[in-house]
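The values are calculated or read from the model by the stated rules, or taken from the named source; none is laboratory data. In this text, all values refer to a predicted model and were calculated from it rather than measured experimentally. Please note: Cβ atoms are built from the backbone with ideal geometry, for glycine as well, and neighbour counts cover all protein chains shown. With ligands, DNA and RNA removed, areas are computed over all heavy atoms of the protein, side chains included. Shrake-Rupley method; radii C 1.70, N 1.55, O 1.52, S 1.80 Å.
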Amino acid sequence: MVKVTLQEVTKRFGKTTAVNRISVEIEKGEFIVLLGPSGCGKTTLLRCISGLEKVTEGRILFNEGDVTNLPPKDRNISMVFQNYAVWPHLKVKDNIGFPLKIKKKPTQEIETKVKWASEMLGITELLDRYPHQLSGGQRQRVAVARAIVMEPEVLLMDEPLSNLDALLRVKMRSEIKKLQESLKVTTIYVTHDQVEAMTMGDRIAVLKDGKLQQIGGSNEIYHKPTNLFVAGFIGSPQMNFINVEVKEEENILIVATSGLEIPLPPAIPIKKSEYILGIRPEDIHIKELPNSTRVTGEIYFVEALRSDTVLHVNTDFGKLVVKIPGDFDAKEGENISLYIDNSKIHLFEKESELSIL
Amino acid sequence: MKKHRVALWLLKVAAVCFILFVIIGPLIGVVLWSFAIKWYWPHIIPQVMGVRYWMDVFHRGRVLDSILLSLEIASIVVVLSLVIAAPAAYGFSRYKLPLEKFLLVIFLMPQAFPQLPIFINIAAVFARHSLTGNMWGIIFVHTMASLVFSVWIITATFRSIPEELEQAALNLGASRFKTFFTITLPLAIPGLIASAIFVFLWSMGEFTGAFFIGAPYIQTAPVMMYTAAMGYNMQTASVVALILMIPSIAFMIIIEKYLKAEYIGGLGG
């Protein structure tokens, strides 16, 4: 178990900057998720930590030791790749035992460790098979077993579940999380899937264009996004964004656009007049509740998922996506009254895209 | 309807016969010649047949020697070409080398021009360094010319091996050297074998270079075949030709049996 510290880590490929001055402290035994859209630099950052890429600037520390310039083999880390990277010419047991064999451990110890790792992943009966005789999910288990067999200081995972089918992905999600909890190994997990990030990570680091946008627990990331990007990237369906003006009426600040006026809580630092209002689909209701704002609109499209229902509603100020629990048999074209929970609104500066509420 | 079917059947039979004739026809001629003791025009099959020339091959030194020499040269050429081509190909496949395209084209050069003038010129140069008239001169040119096949085939093989398989090993504590020998090289074996077979067969059958550099002091099997046929000794030429077919057929069986695509199919995922 080590604490991983990234200090102003920067990686450039020619003129493009893939990772831009990222500083993070990852605690011992923490499960941290690097989340972002493709091309945001999350995989590059992971490869910098693994040593497969050399950082251009900045430092990487494991506990107090500087590993910035160490080759991968001396970092005592292991990595699970997106497409498994199990070696086709080696049997499962030789794949798993490889890291120990490289370290010239005695045969007896290798056998015990391979058995232990394969039991952890539930693949003991596959040990004598070759990778081409395995399914995708089984290969992924072999890759994870191989990664934990030498009890690494840091476990790196690069989108390990994205090649699996949806059902298996859900299953492996909890298994990997439980495995990490029992091993207590510091884990850095890269994904573009917000559900994976929210369900697995102790903390989530959201990246965009090589820059760290926000880092925090799922609660913080979801309810207190620091900027427009994080607010829009996390949550499904996406947060509604409405261009608004902030005005003062009778000593109260309100946000306003055609057909919508919402009072703001006091003591909001307002400097300019152009803002973006954010409201999550589940914070808009079809029943009136205290401290809410009523808006009307016409139902344009209904996604009846039955566990909940997603309504797309056309209003005077644009389209609103609303998520309500359970069955709701609405007809497209009907008019509907909606109630926006005033306490749940977010406000972003239009220019800087930073959150002020 | 029935007529139509009969016509179709006849057409199929004719097509099969034609194909068999094209493929097997010339072979029959060679096989007949190898067993002929007396065969004069206009007879369709030899008047007197026997195994005399086959016996000759295994008794009389000259023919047997030429075959053994060809085997020896081809084996050494295979080893040399693998030893030179494998590291070069690994470099081409994994690193961005300066002038990469240019260097790859250089390897193509010996095959890019007509063989005859090239080998005549090489023979002239070799003569000054006493590399003509012995086995090593032939080995030298065969290795050089066969690098075309081996470098290109092995480069393609290394490129087909996902880099992540190597990176996984690097991550799990292996050095670059260890990674190459435990992961990359074993995975490249099908390509190395394919290249070795290709080079071996090419060297076994190569005539021009062996002729200009080796003759008249030493004769490889193809040169032997040529001189025999030139001296109207069709029987000896036929026997040598048939014997030279053995390695080709043997390798075809090996390729068919062991170089299954599914072995590489498990790569990457």
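Observations on the model:
- Elements of type strands (runs of 3 or more DSSP E) contained in region A:7-66, each with 1 or more residues being open to solvent by 30 Å² or more (accessible area, probe 1.4 Å): A:16-26, A:57-62
- B:ALA261 fulfils the conditions (1) open to solvent by 70 Å² or more (accessible area, probe 1.4 Å); (2) at pLDDT below 85; (3) of a type in the set (A, V, I, L, M, F, W, C); (4) more than 30 Å from A:ALA85 (Cα to Cα) except for a single criterion, (4).
- Residues located in region A:121-150, provided they are part of a loop (DSSP other than H, G, I, E, B) and more than 12 Å from chain B (Cβ to nearest Cβ): A:GLY122, A:ILE123, A:LEU127, A:ASP128
- Residue match in region A:121-129 (condition: in contact (Cβ under 8 Å) with a residue 60 or more places away in the chain and acidic (Asp, Glu)): no
- For region A:213-230, the count of residues that are open to solvent by 60 Å² or more (accessible area, probe 1.4 Å), part of a strand (DSSP E or B) and among the polar types (S, T, N, Q) is zero.
- Some residue of region A:292-306 being part of a strand (DSSP E or B), crowded, with 16+ Cβ neighbours inside 10 Å and either among the charged types (D, E, K, R) or free of Cβ contacts under 8 Å to residues at least 24 places away in the same chain (or both): no
- Filtered by the rule that a residue be away from every other protein chain (no Cβ under 14 Å) and within 19 Å of A:SER38 (Cα to Cα), region A:170-189 gives a lone residue, A:TYR189.
Condition check ((1) buried (at least 23 other Cβ atoms within 10 Å of the Cβ); (2) hydroxyl-bearing (Ser, Thr, Tyr); (3) outside any helix (DSSP H, G or I); (4) more than 14 Å from chain A (Cβ to nearest Cβ)) across all residues:
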{"position": "B:PHE149", "(1), (2), (3), (4)": "no, no, no, yes"}
{"position": "B:TRP152", "(1), (2), (3), (4)": "no, no, no, yes"}
{"position": "B:THR179", "(1), (2), (3), (4)": "no, yes, no, no"}
{"position": "B:SER195", "(1), (2), (3), (4)": "yes, yes, no, yes"}
{"position": "B:SER203", "(1), (2), (3), (4)": "yes, yes, no, yes"}
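- For region B:137-145, the criterion of a residue being within 14 Å of another protein chain (Cβ to nearest Cβ) and either among the β-branched types (Val, Ile, Thr) or over 22 Å from B:ILE84 (Cβ atoms) (or both) is satisfied by no position.
- Residue check, A:PRO266 open to solvent by 30 Å² or more (accessible area, probe 1.4 Å), at pLDDT below 85 and not polar (S, T, N, Q): yes
- Selection from region A:321-357 of residues that are part of a strand (DSSP E or B), within 27 Å of A:SER273 (Cα to Cα) and open to solvent by less than 60 Å² (accessible area, probe 1.4 Å): A:VAL321, A:VAL322, A:LEU338, A:TYR339, A:ILE340, A:ASP341, A:HIS346, A:LEU347, A:PHE348, A:GLU349, A:SER355
- Set B:ARG62, B:ARG128, B:ARG52: member being within 24 Å of the chain's Cα centre (by Cα) and charged (D, E, K, R): B:ARG62
- Odd one out for B:PHE92 among (1) within 20 Å of B:THR220 (Cβ to Cβ); (2) crowded, with 16+ Cβ neighbours inside 10 Å: (1)
- The lone exception for A:VAL244 - which of (1) farther than 25 Å from B:GLU164 by Cβ; (2) in contact with a helix residue (DSSP H, G or I) (Cβ under 8 Å, 6 or more places away or on another chain); (3) buried (at least 16 other Cβ atoms within 10 Å of the Cβ); (4) in contact (Cβ under 8 Å) with a residue 24 or more places away in the chain it fails: (2)
- Selection of region A:72-103 for residues being assigned to a loop (DSSP other than H, G, I, E, B), facing chain B (nearest Cβ under 7 Å) and either farther than 21 Å from A:VAL2 by Cα or open to solvent by less than 40 Å² (accessible area, probe 1.4 Å) (or both) yields A:PHE81, A:ASN83, A:TYR84, A:ALA85, A:TRP87, A:PRO88, A:HIS89.
- Search result, residues across region A:331-357 that are over 25 Å from the mean Cα position of the chain (by Cα) and under 17 Å from A:GLU282 (Cα atoms): A:ILE336, A:SER337, A:LEU338, A:TYR339, A:ILE340, A:ASP341, A:ASN342, A:SER343
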